[in-house]
Number of protein chains: 2
Amino acid sequence: MTITELLVALLAIFAAAKLFGELARRIGQPAVLGEMVGGIVIGVSGLHLIDAHSSLIHVLSELGVLLLLFLIGLDTDIHRLLAVGRASAAVAVAGVLLPFATGYGVGALFALPTTISVFLGASLTATSVAITARVLSDLGQLKSDESQVILGAAVIDDILGLVLLTLVSAMAAGRKITMIGAGRTFGIAFGFVAVAIAAGTILAPRLIALTTRLRITRALFFTSIMFAFALAYLADLAGSAVIIGAFAAGLALARTDRARDIEREVYPIAQFFIPIFFVSVGAAVDLKQLNPFNPASRQFLVIGLLLALAAIAGKLVAGFTAFAGRPLRRIVIGVGMIPRGEVGLIFAQLGLTAGLLSAGLYSSVALMVMVTTFVAPPLLRVMLTPETPDEASTLSDVVTETMSDVAEKEIAEELRQ
Amino acid sequence: MTITELLVALLAIFAAAKLFGELARRIGQPAVLGEMVGGIVIGVSGLHLIDAHSSLIHVLSELGVLLLLFLIGLDTDIHRLLAVGRASAAVAVAGVLLPFATGYGVGALFALPTTISVFLGASLTATSVAITARVLSDLGQLKSDESQVILGAAVIDDILGLVLLTLVSAMAAGRKITMIGAGRTFGIAFGFVAVAIAAGTILAPRLIALTTRLRITRALFFTSIMFAFALAYLADLAGSAVIIGAFAAGLALARTDRARDIEREVYPIAQFFIPIFFVSVGAAVDLKQLNPFNPASRQFLVIGLLLALAAIAGKLVAGFTAFAGRPLRRIVIGVGMIPRGEVGLIFAQLGLTAGLLSAGLYSSVALMVMVTTFVAPPLLRVMLTPETPDEASTLSDVVTETMSDVAEKEIAEELRQ
């Protein structure tokens, strides 16, 4: 890819993200919903302005998710997360088992081979922590008890989903899966998070203290993102996912006394990369594969809708397993767990590459991702309205708003007067 | 390239840039010199941590140069640039003709074919506006009359260099070059800059006014960089270079009343991408190809050093053609024009791809780029010392310092007390 191709792609992505994000806000929806619709408009189903399969755009969008998870970790109080830890774990485990079973059932219903049904079931397991966190933050709700349960469960089921992915990949490659191998994968994935948080918490304050002695520009910024990149890389090495490493880095730095400064420093760069991810999610959707008037694609539309139903029902029921020492609105938790995203799409792409999923079944999974992602934001918006007046949803969203923005708005206000 | 490969590359780049940048500052040299040394250490001549030929790193480094030129344009007063325009034009034309002739001469001296000699001569023509501007800004000298002449001349000879590139590429492809074709290329390149500045100046204030009516986050930031990306893309379409378009966008926005706000908004993202470029320049240098103890590579070392001498002498003499209505330190201008960079390397890569330059001759050109780039910063540092006390060089560098940095330092100071 050349620099001019990158410029065209970025122009299309930012224009779509900001135009449709603005429209979403004006009709009272979270900006992230607009960004995904913008992606559909400029992607394979619309103007073909960007190719979501381009490896450059893909890697930049992954950097966006990584920075988003880092910021979310930075904004998370680990004590509050652990306080609702039992509820999160229950929601996560139920939220992996139920959708896996129902998804497998959809495959069996259409008499698909077992391996393919396992693939379909597995692709329903992991909530997209990126999409969910972004919606909650767009609604100014990231600090509520329900949000903490959702966040914890989404991180845990992301790890569970990745364990499943490792096992299913081995299956796709024709290898035997042993109980010991499965247990090992499982232990490594959870062990990494525990070790990363423990080691990171010891290391982080020393690292931050070091930055005050450096003469280089923006020492705090570079130290923080390098810490996040390093843990992300180590997470991948350990068989976990880069986003889990970035989240752990954020959690560790959240406990230092410079957490707010780091947040302020990392925002601008995160705001550059994050829309690339959400627009890409929309851009990858190929509506043509799901045309109901074409007999060849009608079957995949039906499978996709059934998968979506299975995905929604599974997480809603899982939400009701949440018990904590305090009252929780468990329906909110269930709805918050609905969006599937990156992990589901990774499953689908792996299946497509391995020759297990046809282009049609790939689109069915993409439809499931799309439906679950589009259904949750308006539902959450309705359920959370009483507590979030309009002003709050515009001014308090933690992830998308910066200090300099607030200053900018004040200046703009002054100019208008 | 996967996300983990990108993370490793970025970790290596930022670590090298910040570590060696810090060292350079401590011995009183511009940070950019340290960043390039850091590149050599982690590149093909050292630890092999990054592959400068990776298309992803290459494209991100180009985005860095583009943002650097945008910021420089944003910080440039077009009236002052035009006031020294005649001097700039003279330095640019002499600074293209003299190095081209001497470079051709070096090829002829070694009895190389005419086409190859033309290639070598052409690769000496364009001053690296990115390197020069960064050095001047690291030294806090971007606003002096001499700097304005250098900046103007560097932009003009970049355009001249790109015209030459178009002609030489046609030659390499075996096509005939007509006077009409050459004139057309020349007219388009300069015409674009004039039109872009004129149209941009009319458009920019309207665009900025629009941002105050938007509800999206960081409207000013996204409007500005999209304006820069759009002009960069149009410049490429018109046969000029993306960096020329970005510079023109900066010049146009510099005349709006929000120029300082835009600068503050774009800094953080620019500081992320700019080091990628300077580290890449160092990383591409293969010292092995120039081993003096190996008879096979000794010849290329000699050619490279002669090319470097030709490159330095040509620009020094060109500096003396600078006449303006006021006194100018013309030796400073000559020295400021010495660094070659991206355009020289583009010539070399094109020659290598076309099969005209051997790996040895490619390294000769790379050596010339390296010598010219490393020679200028310390020389400028010595010549400009009387006017730049140490504090100024650390605190006033316009491109590498941000408002939030200053705030950060103040906080750090407070913590230390």
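Once you sort the root eigenvalues of the Cα gyration tensor of segment A:228-282 as a ≥ b ≥ c, which label holds: rounded (a/c under 1.5), prolate (a/b larger than b/c) or oblate (the other case)?
Numbers: a/c = 2.78, a/b = 1.06, b/c = 2.62.
Note, shape of segment A:228-282 comes out oblate.
Filter the DSSP H helices in chain B by two things, a Kyte-Doolittle mean of at least -1.0 and an axial alpha-carbon span of 30 angstrom or more, and list the hits by number.
Details: long enough: B:3-26 (34 Å, 1.31); B:85-109 (36 Å, 1.31); B:145-172 (39 Å, 1.49); B:179-211 (46 Å, 1.58); B:259-283 (34 Å, 0.74); B:295-319 (37 Å, 1.53); B:359-384 (38 Å, 1.60).
Going by DSSP H runs, the hits are B:3-26, B:85-109, B:145-172, B:179-211, B:259-283, B:295-319, B:359-384.
Using a Gaussian network model of chain B whose springs link C-alpha atoms within less than 10 Å, name the residue from B:51, B:75, B:257 with the highest mean-square fluctuation.
The residue that fluctuates most here is B:257.
Which Cβ of chain A lies nearest the axis of the rotation superposing A onto B, and at what whole-Å distance?
It is A:268, 2, counting Cβ atoms only.
Can you list, shortest first and in nm, the gaps between the label point of residue B:354 and those of its counterparts in the other copies, using a point 7 Å from Cα in the C-beta direction?
Nearest to farthest, the other copies are at 4.9 nm.
Compute the label-point distances linking residue B:288 to its equivalents in the other copies; points lie 7 Å from Cα along Cα→Cβ; give nm, one decimal, shortest first.
Ordered by increasing distance: 4.7 nm.
Return the calculated 222 nm mean residue ellipticity for the protein assembly as shown, to the nearest 500 deg cm²/dmol, obtained by summing -39500 (n - 2.57) across DSSP H runs with n ≥ 4 and dividing by the residue count. Let's see the in-between values first.
Details: 36 runs with 629 residues, N = 834.
That calculation yields -25500 deg cm²/dmol at 222 nm.
If packing is taken as the mean number of other Cβ atoms within 10 Å per residue, what is the order of A:374-383, B:105-114, highest first? The partial results should precede the final answer.
Details: A:374-383: 19.0, B:105-114: 14.9.
Answer by packing, highest mean first, reads A:374-383, B:105-114.
Copy-to-copy spacing for residue B:182, label 7 Å out on the Cα-to-C-beta vector, in nm, shortest first?
Copy-to-copy label distances for residue B:182: 7.5 nm.
Counting pairwise Cα distances across chain A, what percent come out greater than 29 angstrom? Could you put the intermediate results ahead of the total?
Working: 37773 of 86736 pairs.
Above the 29 Å cut-off, chain A has 44 percent of its Cα pairs.
Residues with amide H under 5 Å of residue B:340's amide H, sequence separation 5 or more or different chain, H placed in the peptide plane at 1.01 Å from N; which?
The answer is B:128, B:372, B:373.
Using only atoms on other chains, find how many Cβ atoms lie within 10 Å of each Cβ of peptide B:239-245 and report the average.
Details: counts 0, 0, 1, 5, 1, 0, 1.
For peptide B:239-245, the averaged partner shielding equals 1.
If you wrap a convex hull around the C-alpha atoms of the protein assembly as shown and split its volume per residue, what is the figure in Å³? Mind showing how you got there, number by number?
Values: hull volume 153.1 nm³, N = 834.
Spelled out: Cα convex hull of the protein assembly as shown, divided by residues, is 184 Å³.
Cα centroid distance between segment A:39-90 and segment A:141-159, in Å?
Taking the Cα centre of segment A:141-159 as reference, the centre of segment A:39-90 is 14 Å away.
How far, in nm, would the chain grow between residue B:313 and residue B:188 when pulled straight, counting 0.36 nm per residue and subtracting the alpha carbon separation? Can you show the working numbers first?
Values: separation 125, 0.36 × 125 = 45.00 nm, distance 3.02 nm.
Between residue B:313 and residue B:188, full extension yields an extra 42.0 nm.
Using only atoms on other chains, find how many Cβ atoms lie within 10 Å of each Cβ of peptide B:6-18 and report the average. Can you show the working numbers first?
Working: counts 9, 16, 4, 1, 5, 7, 0, 0, 6, 3, 0, 2, 8.
The shielding value for this peptide is 5.
Ranked highest first by the average count of other Cβ atoms within 10 Å around their residues, in what order do B:22-31, B:315-324 fall? Don't jump to the answer; show the numbers that get you there.
Working: B:22-31: 18.0, B:315-324: 20.8.
Final packing ranking: B:315-324, B:22-31.
Every number here is computed from the coordinates shown, using simple stated rules; none is lab data. As the structure is a computational prediction, the values presented were derived from the model and not from experiment. Glycine gets a Cβ as well: all are built from the backbone with ideal geometry, and neighbour counts include every protein chain shown.
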